[in-house]
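*Asks:* Sharing a structure, written as structure tokens. Questions coming.
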Amino acid sequence: MSDTRSFYEKVRDPKFWETVRTSPDYARIREYLLSEWKDYADCVIPALKFSDYRKFFDSGERDTYENSYYLRRQIMIVASFLAAIYPDVPEYLTRLEDALFAVASEYSWCLPAHAASVTVDDPLYLIDLFAAETGAAFGEISLMLGNRLSPLILGMMKREVQTRIIDPFCSGKKFWWQATTNNWAAVCAGGIASAVWCFRPDIFMQLRPRFRDSMDNFLSGYGDDGFCLEGIDYWIYGFGYFLCYAELERYATNGKYDYFKLPKVKKIATYAQKIIITAPDVTVSFSDGSKHESVSAGRLHFLRNEFGEDIELLQPNFPRFVRGCANYSLASREVAWFDSSIKVEPVKENTVYRAENAQWWIVKNPTFGFAAKAGHNDEPHNHNDVGSFIVAKDGEQVFGDLGAGLYTRQYFRESTRYKIINCSSLGHSVPYFGETVQKPGKQYRAENVRYGDDAFSFDLAGAYGDEKLPAFSRTFTVTPDSVTVSDKFDWKGEAPAVERFMLWTEPTVTDNGFTVSGLTCRFTGKVKKIAAVPFAYEIHHAGGKTRGAWFIDAELEKGADACTLTITF
């Protein structure tokens, strides 16, 4: 039987943690935490060095400082849950208090990348994503462990959250993210709301309208189709914090306010099952998304309990919730929302999704998955990628999308972002015409978007913004055993038109096309030459490490006005 109590009721209940400690249903969670403990039990809690802090401002590099920042919080996650599950083992609580003491003593909870400069004191009082998350983490740990924590540690936690989070938010200052429509609105407001509820419940209702404004702004960033333009990782992140807040508000108001009754929220909840295009976890990686991702078990169970059979029971990702950015509130829900009564069911096949707000078209069948996008070039976490597409089979993307690049200062600056291959149209499966490539900006967009049962077409000359390219249309046609990409254009420039396709593995060029990963790909049109071009790109959050991929470039003869690629399975 499902335990449908809210997170805030469960984690205060010793019987819940006894169940986590003793029930076979939670064995994998226990085993995972204990395996993580081997890495975190004795590792040095890293110092946060000023020389690392300033690297972002000096060179744009983020990972050195952020990895130490996240490691402190990874230790905090593992130790806090083990302390709750095994109250008779003092080492877990001791390690947790060491981590809490370190985090409470930090100069700023705000990341350098989110501070204005290295020379001002403002970061102490700024509330960015991770400051809000840290405040929520302190609140939830205090709720979970209460007086088991040292009075000094508990006092530090309350004081620092009051000083760094609650006071700045109540000061009258307007933070920019309160008016934004992306993940920042949900994460920041959701983190603050949890911190307030845990430490200052007396002012929660007073602040609730401000929390709701941010959450409503966040929801407005989604179209009625429920698709996340930032990518699957930001659905997991931003929508995850929205879910945390929505559950909290319903609990705090005894059900008077319930976001889960909104049809749009249900639509957003079904996003992941639509963009996992082949089993078990190949996703549509447009924008800054990942090419492999799945819904974690706790999230999936929570959504199924809220929305019933509208949520497909995909093969859930076992909740490896410690690594990465150490998002505490999301990690804690993986334990509290886990529901062993919910079982995996077969994933639907032979489906077509028309996301008419996002302007994506997705086709899934037993052989392969396909996704294409129209849209515009001023989307959240934008890439210049109008007309790009993905083909996946056998658990991997074949025709792919690089997704997120290495996050640096340059990655988020307009002047340098589109020189990075992940974000440039040169890094996507779209043509280039000499030096004419797609431009950034909302005016550079697809037009006349048309959806059919087996076809998706649009005009995309406007994405290039060059008078020498007055017309360009692209049509995708999908059958049970093929994908066809048909381009027609009017290119008046001297340089040749080049059809480009991004591949994850090395292709073999043939007389009229190429083969790759078991697919036969043939060109129809005035193709002058075909070349396989290797390239390297920086891996997301991997400290400058690179990975290789391939382009197929098909140079067309001068005066060519059409080209078709047929991909046969």
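*Asks:* When you check Thr564 against the structure, is it closer than 28 Å to Thr367 by Cβ, assigned by TED's automatic domain parsing to the domain that holds Pro470, exposed (fewer than 15 other Cβ atoms within 10 Å of the Cβ) and in contact with a Ser or Thr (Cβ under 6 Å, 6 or more places away or on another chain), yes or no? Write out each step before concluding.
*Replies:* Working: closer than 28 Å to Thr367 by Cβ: yes; assigned by TED's automatic domain parsing to the domain that holds Pro470: yes; exposed (fewer than 15 other Cβ atoms within 10 Å of the Cβ): no; in contact with a Ser or Thr (Cβ under 6 Å, 6 or more places away or on another chain): yes.
Judged against the criteria, Thr564 is not a match.
*Asks:* Of the numbered conditions (1) of a type in the set (A, V, I, L, M); (2) surrounded by fewer than 22 Cβ atoms within 10 Å (Cβ to Cβ); (3) closer than 18 Å to Phe286 by Cβ, Leu460 satisfies every one except a single condition; which is it?
*Replies:* (2)
Yes or no, residue by residue, for (1) over 22 Å from the mean Cα position of the chain (by Cα); (2) farther than 26 Å from Leu145 by Cβ:
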{"site": "Asp213", "(1), (2)": "yes, yes"}
{"site": "Ile236", "(1), (2)": "no, yes"}
{"site": "Glu247", "(1), (2)": "no, no"}
{"site": "Thr270", "(1), (2)": "no, yes"}
{"site": "Ile277", "(1), (2)": "no, yes"}
{"site": "Asp281", "(1), (2)": "no, yes"}
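*Asks:* Then there's this: Can you list the strands (runs of 3 or more DSSP E) found entirely within the range 362-405 that contain at least 1 residues being buried (at least 23 other Cβ atoms within 10 Å of the Cβ) and basic (Lys, Arg)? Before you say what the answer is, go through the steps one by one.
*Replies:* On the way: elements: 369-373, 389-393, 396-399.
Once the strands (runs of 3 or more DSSP E) in the range 362-405 are filtered for at least 1 residues that are buried (at least 23 other Cβ atoms within 10 Å of the Cβ) and basic (Lys, Arg), what remains is 369-373.
*Asks:* Given the criteria assigned by TED's automatic domain parsing to the domain that holds Leu330 and at pLDDT below 95, does Arg73 qualify?
*Replies:* Working: assigned by TED's automatic domain parsing to the domain that holds Leu330: yes; at pLDDT below 95: no.
Considered against the rule, which asks whether it is assigned by TED's automatic domain parsing to the domain that holds Leu330 and at pLDDT below 95, Arg73 comes out as no.
*Asks:* In the list Glu435, Glu414, which residue meets the criterion of being out of contact with any Pro (no Cβ under 9 Å at 6 or more places or on another chain) and surrounded by fewer than 16 Cβ atoms within 10 Å (Cβ to Cβ)? Explain how you work it out, then say what you get.
*Replies:* Working: Glu414 fails: out of contact with any Pro (no Cβ under 9 Å at 6 or more places or on another chain).
Answer to the selection: Glu435.
*Asks:* Of all residues in the range 190-210, which are over 29 Å from Glu356 (Cα atoms) and either surrounded by 21 or more Cβ atoms within 10 Å (Cβ to Cβ) or not assigned by TED's automatic domain parsing to the domain that holds Asn254 (or both)?
*Replies:* Step one: of the range 190-210, the residues over 29 Å from Glu356 (Cα atoms) are 191-210.
Hits for the range 190-210 are Gly191, Ile192, Ala193, Ser194, Ala195, Val196, Trp197, Cys198, Phe199.
*Asks:* Out of the residues in the range 322-361 that are assigned to a strand (DSSP E or B) and either of a type in the set (S, T, N, Q) or in contact with a helix residue (DSSP H, G or I) (Cβ under 7 Å, 6 or more places away or on another chain) (or both), state the one that is surrounded by the fewest Cβ atoms within 10 Å (Cβ to Cβ).
*Replies:* Step one: list which residues in the range 322-361 are assigned to a strand (DSSP E or B), which gives 351-355, 360-361.
Of the ones still in play, those that are also either of a type in the set (S, T, N, Q) or in contact with a helix residue (DSSP H, G or I) (Cβ under 7 Å, 6 or more places away or on another chain) (or both) are 351, 353.
On the way: Thr351: 15, Tyr353: 21.
Top of the filtered list is Thr351.
*Asks:* Does Glu230 satisfy being crowded, with 21+ Cβ neighbours inside 10 Å, over 19 Å from Asn305 (Cα atoms) and out of contact with any Cys (no Cβ under 6 Å at 6 or more places or on another chain)? Even if it seems obvious, please write down each step before you answer.
*Replies:* Details: crowded, with 21+ Cβ neighbours inside 10 Å: yes; over 19 Å from Asn305 (Cα atoms): yes; out of contact with any Cys (no Cβ under 6 Å at 6 or more places or on another chain): yes.
So Glu230 passes the test.
*Asks:* Against the definition (under 27 Å from Arg21 (Cβ atoms), free of Cβ contacts under 8 Å to residues at least 12 places away in the same chain and either exposed (fewer than 15 other Cβ atoms within 10 Å of the Cβ) or assigned by TED's automatic domain parsing to the domain that holds Arg21 (or both)), how does Val44 come out, yes or no? If you could, list the steps in order and put the result at the bottom.
*Replies:* Numbers: under 27 Å from Arg21 (Cβ atoms): no; free of Cβ contacts under 8 Å to residues at least 12 places away in the same chain: yes; either exposed (fewer than 15 other Cβ atoms within 10 Å of the Cβ) or assigned by TED's automatic domain parsing to the domain that holds Arg21 (or both): yes.
Answer is no for this residue.
*Asks:* So, restricting to strands (runs of 3 or more DSSP E) that lie completely within the range 475-547, which ones have at least 3 residues that are loosely packed, with under 13 Cβ neighbours inside 10 Å? Spell out how you get there, then give the answer.
*Replies:* Details: elements: 482-490, 497-503, 513-516, 519-525, 527-538.
Strands (runs of 3 or more DSSP E) meeting the threshold: 527-538.
The values are calculated or read from the model by the stated rules, or taken from the named source; none is laboratory data. Worth saying up front: this structure is predicted, and the values here are computed from it rather than measured. Cβ: placed from backbone, ideal geometry, glycine included. Neighbour counts: every protein chain shown.
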